[in-house]
Amino acid sequence: MTTADLLLNPVRIRIVQAFLGGRTLTTSALAAELPDVPPASLYRQVAKLVNGGVLAIIRERRVRGTVERTYALRTHAAAIGPAELASLSAEDHRQLFLAFVATLIADFDRYLASGDINYIRDGVGYRMVRMWLSDEEFNAFVRELNAVVRPRLANLPEPGRRLRVLRTVTLPGGESRDDRNPADPPHSS
C-alpha cells in the first residue's frame, strides 16, 4: 500500500495529524482526541498505519491484563514523495485536500468548544493574501518560509511551550500567466 493509499482515508489522515509535533499517544489518548471515531475503527486504522510503517510502536506496558501500546509518527514515512504525488488523480488530490480541510475545521471547532477563547493570547489567526510572483520569486518565497519554519520543527514539548499548528495552502490565483501589470485596466475589444 502506498503512502497516498494510507492517507486517502479521512480517519487515517486525522490519526497522522494527531501525532504531529513529535507527540506520542496511546490508542486511549488518541480515542479521546477523536471521540467521533468508533473504537473498533480507530484500532483498525491504527493497525493499518503501523503495518504501513507510518506509525511505530515505541512502548508497550501491561494494563489490567491487556497490552497498552504507545505510538509515534515516522514523519518521513508519512510524506508523499514527488513521484507518488505526481501519480495521484485529481480525485485523489480532492480527497486528501478534503481530509486536510476537515481536520482544520475539527481543530477550530475544538478550540471554540474549549470555552477559553482568546485569539490574541492564543495567537489564533486566519487570513488569505494574494501575491504576484514569478516562478523564481515563488520558489524563493517557499525556501525562505521553510528556513523560518524548519528549525522550530525540532522543538520538543517543555514548560512554557504550547503546541501550535501552522497549516498552509498555496494555490495559483487563476489569472492568466501573461506579463500584464495587474494595475493596468483590462483590454477592451
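The values are calculated or read from the model by the stated rules, or taken from the named source; none is laboratory data. Keep in mind it's a predicted model, so treat the numbers as computed, not measured. Heads up, the Cβs are rebuilt from the backbone with ideal geometry, glycines too, and the neighbour counts pull from every protein chain shown. Surface areas here come from the heavy atoms of the whole protein model, side chains and all, with no ligands, DNA or RNA. Shrake-Rupley method; radii C 1.70, N 1.55, O 1.52, S 1.80 Å.
Just check region 1-81 against the gyration tensor rule for me: Cα atoms, a ≥ b ≥ c as the square roots of the eigenvalues, rounded for a/c under 1.5, and otherwise prolate or oblate depending on whether a/b exceeds b/c.
Note, shape of region 1-81 comes out prolate.
Under a point spin-label approximation (7 Å from Cα along Cα-to-Cβ), what is the residue 148-residue 116 distance to one decimal in nm?
Result for the modelled spin labels: 2.8 nm.
From the helices alone, meaning DSSP H stretches of at least four residues, give me the mean residue ellipticity at 222 nm for the chain, per-run term -39500 (n - 2.57), in deg cm²/dmol to the nearest 500.
Values: 8 runs with 83 residues, N = 189.
Helix contribution divided over all residues of the chain: -13000 deg cm²/dmol.
Given a cut-off of under 8 Å on Cα pairs at least six residues apart, what relative contact order in percent is computed for the chain?
About 21 percent, as a whole number.
With no solvent and one equal point scatterer placed on each C-alpha of region 96-139, evaluate the Debye formula and give log10 I(q)/I(0) for q = 0.24, 0.32, 0.34 Å⁻¹, two decimals.
-0.90, -1.08, -1.12
Mind computing the radius of gyration and Dmax over the alpha-carbon atoms of the chain? Å is fine for both.
When restricted to the Cα atoms of the chain, Rg and Dmax are 20.4, 80 Å.
Along region 102-119, what does the Karplus equation 6.51 cos²θ - 1.76 cosθ + 1.60 (θ = phi - 60°) give for ³J(HN,Hα), rounded to whole Hz, x for Gly and Pro?
4, 5, 4, 5, 4, 5, 5, 4, 4, 4, 5, 6, 5, x, 10, 9, 8, 4
For region 52-93, what does the accessible surface come to per residue with a 1.4 Å probe? Please give it in Å².
Each residue of region 52-93 exposes 67 Å² on average to a 1.4 Å probe.
Per the 1.4 Å probe, what fraction of the accessible area of region 73-125, in percent, lies on carbon and sulfur atoms? Walk me through the numbers on the way to the answer.
Values: 2280 of 3570 Å².
Within region 73-125, the accessible surface is 64 percent carbon and sulfur.
If amide H atoms are built 1.01 Å from N in the plane of the peptide, which residues on other chains or at least 5 residues away come under 5 Å of the amide H of residue 71?
25, 26, 58
If you line up the long axis of helix 39-51 against the longest principal axis of the chain, both from Cα atoms, how many degrees apart are they, to the nearest 10?
So the inclination is approximately 70 degrees.
Give the shape of region 109-163 as rounded, prolate or oblate, defined through the alpha-carbon gyration tensor: a ≥ b ≥ c are the square roots of its eigenvalues, a/c under 1.5 means rounded, and otherwise the shape is prolate if a/b is larger than b/c and oblate if not.
oblate
Could you tell me which of rounded, prolate or oblate describes region 44-122, using a ≥ b ≥ c as the square roots of the eigenvalues of the alpha-carbon gyration tensor, with rounded for a/c under 1.5 and, failing that, prolate when a/b is larger than b/c and oblate otherwise? If you can, show how the numbers build up before the last one.
Working: a/c = 2.35, a/b = 1.03, b/c = 2.28.
The shape class here is oblate.
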